[in-house]
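The values are calculated or read from the model by the stated rules, or taken from the named source; none is laboratory data. From a predicted model like this one, the values you see are computed outputs, not experimental measurements. Don't worry about glycine lacking a Cβ; one is built from the backbone with ideal geometry, like all the others, and counts go over all protein chains shown.
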Amino acid sequence: MRSASRFRRILAALATLAFLLAAWAGVSILTLPSVARLAKPGVSMVITVKDWNRKDHRFVVGPGNPHWTPYGAIPPALKRAVVASEDANFFTHDGVDYEAIGEAIKADLRKGKFVRGGSTITQQVAKNLFLTREKTLTRKVKELLLARRMDDALSKSRILELYLNVVELGPMVYGIGHAARYYFGKRPPELTVRECAFLASMLPGPKVYNPYRRMDRVMKRSDRILRRMVAARMISREEYDAAMSEVPNLSGLARKVEKTLETPLPEEKPPGESSGGGPAILEEPAGSAPAGPGPAGPSSPDTPRRAASPSGSSRPFR
């Protein structure tokens, strides 16, 4: 009798736990922010990002940001470099790459610690715009759900545009419009193939892949990205040879080097997940109105919702 009573109590506890988990999941789904506003390219929004001293700053996402770069002004080589390095299946998955997640779990189990995240570009956009960067199961579930919703509501080109305009590429350097000027004194359309790969190589974490402290690390990763691009026919052999022979010119940034070196040296270990901007809750600026095209020029029409996989085309972007 005692065993039967104890068994019933265990079943009741398990049922209660299952109910609480289901309720938590339901509330989490119902309270997730809407991604519909992201489909409006003329609207500027505000998120919160952190500098390298962990201080919060407001950051404008959209044409209201003077560094905003519309999709049509982003060089094709940069789009290819980012997809080659961060999310090879970007054009074929539905916002979540379950195969990559499986490989990441296997790698984590082999190492006995968190070494890979398996996050797609879409997941990184969801995290950077809506969520914190804490590594919890709750945040990961929300990230997956938001990524699926984004993939349903937005074109691939819009997702890539958002990603490239909010990624962190240096100390308070967010987005490729700012990064192109910060490192090379150029507008994004003027970047060379090597410079595109150079910027893409910093995406896992600009503190670790810091060209002022570890140029060798950045160049080696840039070389790997270029090899992936030529192997996937994203660039021609001639473009690859030219890029490999080019050394990015950072000689004019001595003052910025000294300023960067004032920050504490980060732990010399590549992060488990590719990082973008800081934690944020998306909101409309008070009294804002839809802004016009950014300084880099008007955006071109979006590419088809389901473009061909980069590995199957010599020019998968435009």
For this session: Restrict the check to segment 85-102 and report whether at least one residue is in contact with a Cys (Cβ under 8 Å, 6 or more places away or on another chain) and either in contact (Cβ under 8 Å) with a residue 40 or more places away in the chain or among the basic types (Lys, Arg) (or both).
Result: no
Problem set entry | Filtered residues of segment 216-245 (kept if closer than 29 Å to Trp52 by Cα, within 22 Å of the chain's Cα centre (by Cα) and either surrounded by fewer than 19 Cβ atoms within 10 Å (Cβ to Cβ) or not aliphatic (A, V, I, L, M) (or both)) | Arg217, Met219, Lys220, Arg221, Ser222, Asp223, Arg224
Exercise. Taking the condition in contact (Cβ under 8 Å) with a residue 12 or more places away in the chain, not acidic (Asp, Glu) and not in a helix (DSSP H, G or I), does Thr132 pass?
Worked result: yes
Exercise. Consider Val46 against the criteria (1) under 30 Å from Tyr240 (Cβ atoms); (2) touching a Phe, Trp or Tyr at 6+ places or on another chain (Cβ under 9 Å); (3) surrounded by fewer than 20 Cβ atoms within 10 Å (Cβ to Cβ): it satisfies all of them except one. Which criterion is unmet?
Worked result: (1)
Problem set entry | Number of the condition not met by Gly170 [criteria: (1) within 16 Å of His67 (Cβ to Cβ); (2) among the small types (Gly, Ala, Ser); (3) touching a residue at least 24 places away in the same chain (Cβ under 8 Å); (4) surrounded by 23 or more Cβ atoms within 10 Å (Cβ to Cβ)] | (4)
Exercise. Does Asn65 meet the test of being within 22 Å of Val173 (Cβ to Cβ), in a loop (DSSP other than H, G, I, E, B) and at pLDDT below 85?
Worked result: no
For this session: Only residues that are in contact with a helix residue (DSSP H, G or I) (Cβ under 7 Å, 6 or more places away or on another chain) and within 22 Å of Leu164 (Cα to Cα): list them for segment 224-248, please.
Result: Ile225, Leu226, Arg228, Met229, Val230, Ala232, Met234, Ile235, Ala243, Pro248
Exercise. So which of Arg158, Arg148 is crowded, with 21+ Cβ neighbours inside 10 Å and touching an Asp or Glu at 6+ places or on another chain (Cβ under 8 Å)?
Worked result: Arg158
For this session: Scan segment 231-248 and report the pairs whose first residue is at pLDDT below 95 and whose second residue is of a type in the set (S, T, N, Q) and surrounded by 16 or more Cβ atoms within 10 Å (Cβ to Cβ), with Cβ atoms within less than 6 Å and a gap of 6+ or a chain change.
Result: Ala232/Ser311
